[in-house]
Amino acid sequence: MDLWTGRAYLKTNPAVKGFRRFGKGKGAYVNVFAWVESKAAFEERVRRHLKGLDCILVELEKVQLLEARMSREDYPEELIDMRLTATRKPNDTILGAFHTWDQEHSN
């Protein structure tokens, strides 16, 4: 298995009363890690995990092996801590910080 990463774009679920995951934001993006066999397995695992968060997955992008993402100089620093957590908890789906936005997007 390899450590895969991607960025999930989420929006509030209007069917959930009292939704507070994004504060007053309309949506958020979050970096995600998981130990899986392939890109397809990563996408399926992330979709399954995010269903339990009471929000809507709009898009999953930049799915790639972690080592490929961290080979570029512009990777977010939070990936370092997330990698450590993923190494300690190889069966978990690891989510980074939720980066919220305030305006509704067309997606």
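For the stretch 58-70, the set of residues classified as on the phi > 0 side of the Ramachandran plot and free of Cβ contacts under 8 Å to residues at least 40 places away in the same chain is empty. Any idea which residue in the stretch 71-88 is nearest to residue 18 (Cα to Cα), counting only those that are in a loop (DSSP other than H, G, I, E, B) and either in contact (Cβ under 8 Å) with a residue 24 or more places away in the chain or over 16 Å from the mean Cα position of the chain (by Cα) (or both)? Checked the stretch 71-88; the qualifying residue nearest to residue 18 (Cα to Cα) is 76.
Taking the conditions (1) in contact with a helix residue (DSSP H, G or I) (Cβ under 6 Å, 6 or more places away or on another chain); (2) modelled with pLDDT under 90 in turn, residue 102 satisfies each one other than (1). Summed over the stretch 1-41, the residues that are aromatic (Phe, Trp, Tyr) and either out of contact with any Leu (no Cβ under 7 Å at 6 or more places or on another chain) or at pLDDT below 95 (or both) give a count of 4. Among residues of the stretch 59-107 being surrounded by fewer than 16 Cβ atoms within 10 Å (Cβ to Cβ) and among the β-branched types (Val, Ile, Thr), the one that is farthest from residue 9 (Cα to Cα) is 87. Look at (1) farther than 17 Å from residue 93 by Cβ; (2) touching a residue at least 12 places away in the same chain (Cβ under 8 Å); (3) not charged (D, E, K, R) and you find that residue 18 fails only one, number (2). Of all residues in the stretch 44-58, those satisfying the criterion of being within 10 Å of the chain's Cα centre (by Cα), surrounded by 15 or more Cβ atoms within 10 Å (Cβ to Cβ) and not in a strand (DSSP E or B) are 46, 49, 50. Applying the selection to the stretch 1-15, what residues are surrounded by 13 or more Cβ atoms within 10 Å (Cβ to Cβ), of a type outside the set (S, T, N, Q), out of contact with any helix residue (DSSP H, G or I) (no Cβ under 8 Å at 6 or more places or on another chain) and farther than 17 Å from residue 79 by Cβ? Of everything in the stretch 1-15, those that are surrounded by 13 or more Cβ atoms within 10 Å (Cβ to Cβ), of a type outside the set (S, T, N, Q), out of contact with any helix residue (DSSP H, G or I) (no Cβ under 8 Å at 6 or more places or on another chain) and farther than 17 Å from residue 79 by Cβ turn out to be 9, 11. Across the stretch 48-80, the qualifying residues are those that are touching a Gly at 6+ places or on another chain (Cβ under 8 Å) and modelled with pLDDT of 90 or more, and the one among them that is farthest from residue 38 (Cα to Cα) is 78.
The values are calculated or read from the model by the stated rules, or taken from the named source; none is laboratory data. Given the structure is predicted, the values throughout are model-derived calculations rather than measurements. Ideal geometry is used to build each Cβ from the backbone, glycine not excepted, and the neighbour counts take in all protein chains shown.
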